[in-house]
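First up is the structure itself, then whatever we jot down about it.
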Amino acid sequence: MSGRYGIAYHGAFTFPLAPQRLWALIEDPANFERWWGWLHDVHCTDPLITAASVLTGVVDPPVPFSMRVRVTIDECEPARHIAASVGGDLRGTAGLDIDGDGGDASVAIGWDVEMMQPQMRVASLVARPVLQWGHDRVVEAAVRGFRRELTR
């Protein structure tokens, strides 16, 4: 999928809290907009993320495109694993895996999505480095925002 219109990402991060505590934060979509300034209009079909939950929202990266996305949780094993389907202006798959034994939580996150907006597709052909730069800034901001939340 990560061909000429796609973006694939795989990252790993460690956070100084137990996996169950990490999960207690990320399972609540009411937290997302506070952590991540580039994400707004978040709605979820359930108060906490579970299998079959559907989240919608708007992503505003530091490039001139806003993206409406829909994330359907296909698999959810609390404090361990999420697999999701992504729809809307981005289409593909995403996943999150949490590991740890009560001390630090290790998180592996990844996605493989295709850009669906015509202007994004053109930009991916003529300005791929700019789109990749914007993507990378969004990831960095997400991790920074989450780490900031841990110090509250």
Enumeration of residues in segment 104-132 that are in contact with a Phe, Trp or Tyr (Cβ under 6 Å, 6 or more places away or on another chain) and assigned to a helix (DSSP H, G or I) = Met120, Arg121, Ser124
key: Of residues in segment 37-94 being small (Gly, Ala, Ser) and touching a Lys or Arg at 6+ places or on another chain (Cβ under 6 Å), the one nearest to Arg21 (Cα to Cα)   = Gly87
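Of the residues Gly102, Gly37, which single one is of a type in the set (Gly, Ala, Ser) and at positive phi? Spell out the reasoning first.
Values: Gly37 fails: at positive phi.
From the options Gly102, Gly37, the qualifying one is Gly102.
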key: Search result, residues across segment 106-152 that are more than 19 Å from Gly6 (Cβ to Cβ), touching a strand residue (DSSP E or B) at 6+ places or on another chain (Cβ under 8 Å) and small (Gly, Ala, Ser)   = Ser106, Ala108
Which listed residue, of Asp97, Asp89, is surrounded by 15 or more Cβ atoms within 10 Å (Cβ to Cβ), farther than 20 Å from Leu25 by Cβ and in contact (Cβ under 8 Å) with a residue 12 or more places away in the chain = Asp89
ask   = Within segment 115-129, can one find any residue that is modelled with pLDDT of 85 or more, surrounded by fewer than 19 Cβ atoms within 10 Å (Cβ to Cβ) and within 21 Å of Ala83 (Cβ to Cβ)?
value = yes
ask   = If the Cβ limit is 9 Å and pairs must be 6+ apart or interchain, which residue in segment 133-147 that is assigned to a helix (DSSP H, G or I) pairs with which residue that is among the small types (Gly, Ala, Ser)?
value = Val139/Gly11; Ala141/Gly37; Val143/Gly11; Gly145/Gly37
ask   = Pick from Gly57, Gly37: which is at pLDDT 95 or above and either of a type outside the set (Lys, Arg) or touching a strand residue (DSSP E or B) at 6+ places or on another chain (Cβ under 8 Å) (or both)?
value = Gly57
task = Sort through Thr56, Thr50 and tell me the only one that's surrounded by fewer than 15 Cβ atoms within 10 Å (Cβ to Cβ), free of Cβ contacts under 8 Å to residues at least 60 places away in the same chain and over 22 Å from Arg148 (Cα atoms).
result = Thr50
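The values are calculated or read from the model by the stated rules, or taken from the named source; none is laboratory data. The model shown is predicted, which means the values in this text are computed figures rather than measured ones. Glycine gets a Cβ as well: all are built from the backbone with ideal geometry, and neighbour counts include every protein chain shown.
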